[in-house]
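J.: Encoded as structure tokens, here's the structure I'll be asking about.
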Amino acid sequence: MDSLVRKIKKLQRITPSASWLESQRSFLLYEIGRVKNQKQEEERKTFLTFPVFSFFNLKRLFRPAFAVALASVIIISSISTVGVISASQNTLPGDFLYPVKTAIEKTQLTFSSGTESRTKLSVKFASQRIDEFSQLMDKTDKGQNIGTTVKKFTQEMVTVQQNINTLKEQNVEKAVEMAKLVQTQTPVYEDVLTKSAEKLSYILPDEREQLTADINQALQEVSKTKEITDKLAEEQTTSVTNDANQNQNPGEIITPITQDKIESSSIPFESIQEPASSNPDTIQNTQTQIEP
Amino acid sequence: MDGLETIDKERELVSRVSSGDKEAFGELYDIYAPKIFRFIRLKVGSQVLAEDLSSESFLRIWEYFANEQREIEESFQALLYKIARNLITDHYRRKSSQEILIDDDFNIFLENQLATGESFKEDAEGVHRALINIKEEYQNVIIWYYIDELPVPEIAKMMDKSEGAIRVLIHRALKSLKDTLSEENE
């Protein structure tokens with residue numbers, strides 16, 4: 001019997017592969033998150049269709065008790081608006097308060113005056129989209145929003161390019177200043193987009209191909225933005241060097257402003273946040289393409 | 001799972017899962033996924049099927065804990081094995097014996113997954129062949145007692161029998177396995 005028990009115990013060595021265990025873990029957590037969100041959405045819809053919410057009946061509105069209740073609701077809503085706006089700032093696509101965040105962005109754009117502030121805003125929004133994208137890649141339950149977020153980021157990149165070109169025609173100095181600002185962000189965008197490719201196969205295996213195409217499109221737009229900003233910065237460098245050459249004393253050595261100096265210049269733009277997962281130190285300045 | 005500390009940890013994780021905590025579910029997955037995969041792999045012929053049923057077991061238990069908000073009387077492990085057993089039974093009910101034979105790739109699994117000596121493969125394959133030919137009840141106690149090394153009281157709870165009955169069952173299961181192996185070797 002002992003030898004049989006020893007043979008049986010050999011079957012203890014049967015284990016699943018580590019890669020299967022890990023991919024299944026991601027899949028399960030993604031799947032249960034998706035089902036959970038679906039249920040919450042259904043509950044929300046049921047709540048909104050509850051009879052209390054179909055009260056827009058004018059006769060009821062004029063009842064004194066109802067009018068007092070409605071006034072209280074309006075007052076409470078006004079007071080809580082500040083809290084809602086503040087809470088919405090940390091939301092991600094798919095969250096209940098996310099539409100509040102995007103509505104605030106649209107309002108900011110509407111009330112912004114001048115191309116310079118619109119450019120700043122578009123860079124800020126692009127950074128927010130990439131930050132959201134980076135966070136979504138770590139939250140398997142929100143995988144379905146990744147594609148939309150990448151596309152929104154690509155749109156923001158195109159807007160940044162358009163705004164810088166417009167600003168260049170209006171005020172070259174301001175355009176250069178904006179170009180320097182964008183130069184600090186583009187490596188971060190590239191880094192986040194490129195690193196995300198590694199996670200795609202187990203987060204959304206079915207949509208991997210489409211998402212890879214979306215990410216490549218985004219990378220292309222980042223690359224175009226880089227070309228525009230680099231060209232602007234280079235033009236300024238040449239112009240500064242030429243000015244200096246014209247004013248220099250014969251024999252004096254002119255040191256041209258290098259790319260390093262441009263990138264290390266301090267740009268006050270505190271409202272742009274770097275995605276937590278990005279590491280600008282490891283960034284290469286070449287255009288990156290992800291193989292589907 | 002043995003020791004009060006581990007049991008307390010499992011209770012805490014289960015309580016978190018009941019309130020919808022995905023991370024706690026992930027931790028329970030890390031503890032039980034290898035065991036449940038092995039349990040299913042030893043009972044079904046196909047690697048792919050074993051993987052599918054293991055996944056399905058975890059999805060079902062999540063639904064049971066998180067969505068139904070039930071009072072849990074069984075341990076997580078006992079419930080997980082019960083779900084896996086039901087899934088295996090359902091699968092075999094749907095399939096003909098011919099399909100089951102075609103499915104069998106256990107020897108390929110041993111070759112690919114376990115880079116071990118010939119004697120190991122022979123022993124493992126022989127015991128597995130005999131195991132799938134004995135009564136289901138016997139298969140379960142052999143896997144739980146000798147392979148998963150679960151204590152008798154835990155198996156007794158899982159099978160809803162007394163500890164004495166489980167000891168007798170283990171003895172009979174081992175004898176049945178030995179007889180089947182001898183028949184195959186003749």
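The numbers here are math on the coordinates, done by the rules we state, and not lab data. Please read all numbers here as calculations on a predicted model, not as lab measurements. Here the Cβ is made from the backbone with ideal geometry for all residues, glycine too, and neighbour counts use every protein chain on show.
J.: Relative to 2.2 N^0.38 Å, what does the C-alpha radius of gyration of the range B:118-186 come to as a ratio? Two decimals please.
T.: 1.16
J.: Over all residues in B:17-28, what is the mean tally of Cβ atoms on other chains that come within 10 Å of each residue's Cβ?
T.: Counting Cβ atoms of other protein chains within 10 Å of each residue's Cβ and averaging gives 2.
J.: Right, something else. Quick one: what are the phi-derived ³J(HN,Hα) couplings along the range A:17-23, Karplus 6.51/-1.76/1.60 with θ = phi - 60°, whole Hz, x for glycine and proline?
T.: Result, rounded to whole Hz: 5, 4, 5, 5, 4, 5, 5.
J.: Sticking with this one: Sorted by average packing, counted as other Cβ atoms within 10 angstrom per residue and highest first, what order do B:46-59, A:177-190, A:100-113 take?
T.: Descending packing order for the listed peptides: A:177-190, B:46-59, A:100-113.
J.: Can you order the peptides A:16-27, B:170-181 by their average number of other Cβ atoms within 10 Å per residue, highest first?
T.: B:170-181, A:16-27
J.: Going by how many other Cβ atoms sit within 10 Å of their own, how do B:Met159, A:Met137 line up, fewest first?
T.: B:Met159, A:Met137
J.: Of B:His91, B:His128, how do they rank once you tally other Cβ atoms within 10 Å and put the fewest first?
T.: Fewest to most other Cβ atoms nearby, the residues stand as B:His91, B:His128.
J.: How much net charge surrounds B:Ser176 when only other residues with a Cβ under 12 Å from its Cβ are counted (Lys, Arg +1; Asp, Glu -1)?
T.: 0
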